[in-house]
Amino acid sequence: MGRLETADKQSLHLVENEIQASIDQIFSHLERLEILSSKEPPNKRQNAKLRVDQLKYDVQHLQTALRNFQHRRYAREQQERQREELLSRTFTTNDSDTTIPMDSSLHFNSSLQKIQHGMDDLIGGGHSILDGLKAQRLTLKGTQKKILDIANMLGLSNTVMRLTEKRAFQDKYFMIGGMLLTCVVMFLVVQYLT
């Protein structure tokens, strides 16, 4: 076993084979010794059998030591092969397999930006419509005032004018009541038909 530790790589297999052959030869001799020990006289048989068992144990211990050495040698050779493989490998840039698929996310983001611009345009259009309605209201108020002035000039009576204003005031309440009634009917239809 001492020769195994000091042997070089070329003669290592030869020494291992030589030791294995010696162990096999010892096992065969032990089998013969076991047969011979059973033929000993009864007073020496127990002592001879004990010595043969002790020799078997020692040889098994040698066999285990040889296997452990072979296992360590194999592991060491495998580590050296892996080390050489790592050192001889040339590293390159990443393949296209490592790219992150972001096309759908970019498309989704650009769609959201388009929708945001569209909503901004819609809000801007709503503001311009509201400003236009305010301007029309001012224009209509001015027109109503001018019509009243013209009617007074034409000599219409104040009572006719008051009746017209009263009628406009009543029409306003009828319109609001009709709108509320329509909303209630629509709510009930939606509530009970869905």
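The values are calculated or read from the model by the stated rules, or taken from the named source; none is laboratory data. Worth saying up front: this structure is predicted, and the values here are computed from it rather than measured. Cβ coordinates were reconstructed from backbone atoms using ideal geometry, including for glycine residues, and neighbour counts include every protein chain displayed. All accessible areas refer to the heavy atoms of the entire protein, side chains included, with ligands and DNA or RNA removed. Shrake-Rupley method; radii C 1.70, N 1.55, O 1.52, S 1.80 Å.
Just checking, which of 40, 34 is part of a loop (DSSP other than H, G, I, E, B), in contact with a helix residue (DSSP H, G or I) (Cβ under 7 Å, 6 or more places away or on another chain) and surrounded by 10 or more Cβ atoms within 10 Å (Cβ to Cβ)?
On the way: 34 fails: part of a loop (DSSP other than H, G, I, E, B).
Selected residue: 40, the only one of 40, 34 that is part of a loop (DSSP other than H, G, I, E, B), in contact with a helix residue (DSSP H, G or I) (Cβ under 7 Å, 6 or more places away or on another chain) and surrounded by 10 or more Cβ atoms within 10 Å (Cβ to Cβ).
Table: residues versus (1) loosely packed, with under 10 Cβ neighbours inside 10 Å; (2) modelled with pLDDT of 90 or more.
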| site | (1), (2) |
| --- | --- |
| 150 | no, no |
| 153 | yes, no |
| 157 | no, no |
| 163 | no, no |
| 167 | no, no |
| 181 | no, yes |
| 186 | no, yes |
| 193 | yes, no |
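Within region 3-13, the set of residues being part of a helix (DSSP H, G or I) and surrounded by 11 or more Cβ atoms within 10 Å (Cβ to Cβ) comprises 3, 4, 11, 12, 13.
Per the listing 98, 90, the residue uniquely among the β-branched types (Val, Ile, Thr), open to solvent by less than 100 Å² (accessible area, probe 1.4 Å), more than 30 Å from residue 16 (Cα to Cα) and at pLDDT below 90 is 98. Restricting attention to region 14-31, the residues that are farther than 26 Å from residue 74 by Cα, of a type in the set (S, T, N, Q) and open to solvent by 100 Å² or more (accessible area, probe 1.4 Å) total 0.
Candidates in region 101-117 are the residues that are small (Gly, Ala, Ser) and modelled with pLDDT under 85; of these, the one that is most open to solvent (accessible area, probe 1.4 Å) is 104.
Residue pairs whose Cβ atoms lie under 9 Å apart, sitting 6 or more positions apart in sequence or on different chains, and linking a residue in region 62-81 that is farther than 17 Å from residue 8 by Cα to a partner that is of a type in the set (Val, Ile, Thr) and open to solvent by 60 Å² or more (accessible area, probe 1.4 Å), are 62/26.
Restricting 130, 140, 122 to residues that are open to solvent by less than 100 Å² (accessible area, probe 1.4 Å) and part of a helix (DSSP H, G or I) narrows the list to 130.
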